[in-house]
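A short worksheet on the structure shown next.
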Amino acid sequence: MRCDGKKLKKVDPMYRIVPHIMVERHDSMNMITLNLPMEPMQRYIRGKAAEGITVSHMALILAAYLRTLAEFPALNRFIGNRKVYAHKDITVSLVVLKANSMEDETMSKIRFEAEDTIFDVQKKILHYIDENRKYSTENSTDKMIDTLTRIPGLLRVAVGFLRFLDRHGWLPKKIVELSPFHASLLITNLASIRTNHIYHHVYDFGTTSVSMALGNQREVPRRTASGEIVFDRCLPVGLVMDERIAAGSYFARAFHVFKRYIKNPALLEEPPKEVKIDE
């Protein structure tokens, strides 16, 4: 029995077959760009700043994703050994630069609750960044990797063994808790290093089925009702999904709702009225 997920029983027969056809996560990657409108995000962030409350773009985006997850729980699924599981919790792997560095980065996880508000998300992100940007120290994930690389030949053997354990759901809970590859979502902000968005792969190792990569803002053309072409300032997000966990129409509906929360961040100030359970 996996420590990080529960095997789902009420799964469409098609999704019991698909993992046997597309065995690896890289076989089943679907990719799309989401253009998130900057104006409603900026307006909300400025309004909160006037009240003395700090809200970052990252907090807003993650809060919107958590709220979407509460309505579309299949986003929190993963495939393990060709079976469909639901994560037992909600964790996000976040890549951050260490202090005083534009090259040295680290990645670890933040744990969230489906009931978290945008203010809860902001607090957790700030705590995470403070802990992981200590230039002179390593986080727990860095230390685990450093240990594996100290002994010649150990890394290849250890990683092979870990992959075997992971495939069968036998990884110890302590390793799963440290591993950034075992998460509900991977997100990285490439705009922080002045880079365009990319489609960040979802790793074959681990349990992460969705990745987001934020890039430099850009102008996106839109035709108005009168036929006029206008340009909206947008934040592009490269979204990669493991299509074995849900239908394309499910993803489409989920991210339509996600964009609705991006356009109306005030909806994220209170906990969700309902959190749907994946069975």
request  = All but one of (1) surrounded by 11 or more Cβ atoms within 10 Å (Cβ to Cβ); (2) touching a strand residue (DSSP E or B) at 6+ places or on another chain (Cβ under 9 Å) hold for Ile229, so report the exception by its number.
outcome  = (1)
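Looking at Arg77, is it at pLDDT 95 or above, buried (at least 21 other Cβ atoms within 10 Å of the Cβ), charged (D, E, K, R) and closer than 23 Å to Pro271 by Cα?
Here the answer is yes, as Arg77 does meet what is asked.
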ask   = (1) among the aliphatic types (A, V, I, L, M); (2) within 24 Å of Gly238 (Cα to Cα); (3) modelled with pLDDT of 95 or more; (4) more than 17 Å from the chain's Cα centre (by Cα): which one isn't true of Ala49, the others all being true?
value = (2)
task = Output yes when any residue across segment 175-196 is under 28 Å from Met1 (Cα atoms), of a type in the set (Lys, Arg) and out of contact with any strand residue (DSSP E or B) (no Cβ under 7 Å at 6 or more places or on another chain), and no when none is.
result = no
remark   = Counting only residues that are without any contact (Cβ under 8 Å) to a residue 40 or more places away in the chain and either in contact with a Leu (Cβ under 8 Å, 6 or more places away or on another chain) or in a loop (DSSP other than H, G, I, E, B) (or both), segment 205-226 contains a total of 7
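Does Ser179 qualify as being over 11 Å from the mean Cα position of the chain (by Cα) and closer than 25 Å to Glu113 by Cα?
On the way: over 11 Å from the mean Cα position of the chain (by Cα): yes; closer than 25 Å to Glu113 by Cα: yes.
Yes, satisfied.
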note = Note: among Ile53, Ile61, just one is under 13 Å from Lys259 (Cβ atoms) and touching a residue at least 12 places away in the same chain (Cβ under 8 Å), namely Ile61
message = Being closer than 20 Å to Ile61 by Cα, surrounded by 14 or more Cβ atoms within 10 Å (Cβ to Cβ) and touching a residue at least 40 places away in the same chain (Cβ under 8 Å) is the requirement here; does His182 meet it?
response = no
key: Residue in segment 146-168 that is modelled with the highest pLDDT, counting only those that are farther than 17 Å from Arg25 by Cβ and not in a helix (DSSP H, G or I)   = Gly153
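Okay, residues lined up against (1) modelled with pLDDT under 95; (2) in contact with a Pro (Cβ under 8 Å, 6 or more places away or on another chain):
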site: Ser192; (1), (2): yes, no
site: His200; (1), (2): yes, no
site: Ser211; (1), (2): no, no
site: Leu214; (1), (2): no, yes
site: Arg222; (1), (2): yes, no
site: Leu239; (1), (2): no, no
site: Phe251; (1), (2): no, no
site: Arg260; (1), (2): no, no
site: Leu268; (1), (2): no, no
ask   = Of the residues that make up segment 91-106, is at least one part of a helix (DSSP H, G or I), among the acidic types (Asp, Glu) and either modelled with pLDDT of 90 or more or under 29 Å from Leu268 (Cβ atoms) (or both)?
value = no
remark   = Taking first residues from segment 8-19 that are within 15 Å of Leu75 (Cα to Cα) and among the hydrophobic types (A, V, I, L, M, F, W, C) and second residues anywhere that are assigned to a loop (DSSP other than H, G, I, E, B) and at pLDDT 90 or above, the pairs with Cβ under 8 Å that are 6 or more apart or on different chains are Leu8/Asp278
query = Limited to segment 186-204, what total is found for residues that are small (Gly, Ala, Ser) and either in a strand (DSSP E or B) or touching a residue at least 60 places away in the same chain (Cβ under 8 Å) (or both)?
reply = 1
remark   = Subset of segment 232-252, residues of a type in the set (D, E, K, R) and either part of a strand (DSSP E or B) or touching a Phe, Trp or Tyr at 6+ places or on another chain (Cβ under 7 Å) (or both), comes to Asp232, Arg233, Asp242, Arg244
task = List every residue pair whose Cβ atoms lie under 6 Å apart, where the two residues are 6 or more positions apart in sequence or sit on different chains, the first residue falls within segment 248-259 and is within 11 Å of Leu36 (Cα to Cα), and the second residue, located anywhere, is of a type in the set (A, V, I, L, M) and part of a helix (DSSP H, G or I).
result = Phe258/Ala64
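The values are calculated or read from the model by the stated rules, or taken from the named source; none is laboratory data. Note that this is a predicted model, so its numbers are computed, not measured. Neighbour counts run over all protein chains shown; Cβ positions are idealised from the backbone, glycine included.
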